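**Q** Can you keep this structure in mind? I'll have questions shortly.
The values are calculated or read from the model by the stated rules, or taken from the named source; none is laboratory data. Quick caveat, the model's predicted, so the values are computed rather than measured. Cβ placement follows ideal geometry from the backbone for every residue including glycine, while neighbour counts extend to all protein chains displayed.
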Amino acid sequence: MTRILVVDNHGQFTHLEHRLLRDLDGVETDLVDNTTPPEDLDADGLVLSGGPDIDDVGRCAEYLELDVPVLGICLGMQFMAVELGGRVESGEYGGYADVDVEILDDEDPLLGSLAPGMRVWASHADEVVALPEGFERTAESDICAVEAMSNTDRDLYGVQFHPEVAHTERGEELFENFARVCE
């Protein structure tokens, strides 16, 4: 079994991330608070959930130093970008909406199988505008230049959108791809 923990950053969809992972074959999952000591995280991979406040992500910086794959979703991606030297700014389009995303790298372990694109549910209140060193932009849309990013050398991945909600096409496949990275 592949053990993937969902780190709760107090987002409204965190329970859906946990549920989707729980329903995948070969995946064991738990929901953990973002203040859990890193040494207590026995996992093959971590999902940094979305949330309302980038200043309320507990010990997530320490989790990025664990030698396991990490998937940041929305605020989780934004936090990862800022923590590793990128930049986040307020988005021009704001709240939640359906967005057509173009996959830029059909070899990317997380998104490659979803190429050439998909319709997603995303918030663009804040967006990554400068990637951290070592990251590649792996998806874009007409309203956001960085819909997804990855650093495959470190197995760090981020998506601006919410793959866990029903409005996102093929979100389960994205989680299956992440589980394969974690095996």
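**Q** Filter the stretch 36-58 down to residues that are surrounded by fewer than 18 Cβ atoms within 10 Å (Cβ to Cβ) and either over 30 Å from E89 (Cβ atoms) or free of Cβ contacts under 8 Å to residues at least 40 places away in the same chain (or both), then give me how many there are.
**A** 8
**Q** Among (1) in a loop (DSSP other than H, G, I, E, B); (2) modelled with pLDDT of 95 or more; (3) closer than 17 Å to E164 by Cα, where does T35 come up short?
**A** (3)
**Q** Then there's this: Considering each of Y63, Y96 in turn, give the residue that is out of contact with any Cys (no Cβ under 7 Å at 6 or more places or on another chain) and touching a residue at least 40 places away in the same chain (Cβ under 8 Å).
**A** Result of the check over Y63, Y96: Y63.
**Q** Give all pairs with beta carbons closer than 6 Å in which a residue from the stretch 1-24 that is without any contact (Cβ under 8 Å) to a residue 60 or more places away in the chain and over 17 Å from L174 (Cβ atoms) meets a residue that is of a type outside the set (A, V, I, L, M, F, W, C) and part of a helix (DSSP H, G or I); count only pairs at least 6 apart in sequence or on separate chains.
**A** Note: pairs meeting the criteria are D8/T14.
**Q** A follow-up question, please. State which residue is surrounded by the fewest Cβ atoms within 10 Å (Cβ to Cβ) when the search covers only the stretch 112-160 and only residues that are assigned to a helix (DSSP H, G or I) and of a type outside the set (S, T, N, Q).
**A** G112
**Q** Continuing with the same structure: When the residues of the stretch 25-35 are narrowed to those that are touching a strand residue (DSSP E or B) at 6+ places or on another chain (Cβ under 8 Å) and free of Cβ contacts under 8 Å to residues at least 40 places away in the same chain, which ends up nearest to L64 (Cα to Cα)?
**A** Among those residues, the one meeting the criterion is N34.
**Q** Can L71 be described as assigned to a strand (DSSP E or B) and in contact with a helix residue (DSSP H, G or I) (Cβ under 8 Å, 6 or more places away or on another chain)?
**A** Yes; evaluated as a whole, the condition is true for this residue.
**Q** Check C60 against each of (1) within 29 Å of S141 (Cβ to Cβ); (2) more than 16 Å from the chain's Cα centre (by Cα) and name the one condition it does not meet.
**A** (2)
**Q** Just to be sure before I move on: is E17 of a type in the set (D, E, K, R) and either assigned to a helix (DSSP H, G or I) or surrounded by 16 or more Cβ atoms within 10 Å (Cβ to Cβ) (or both) in the structure I sent?
**A** yes
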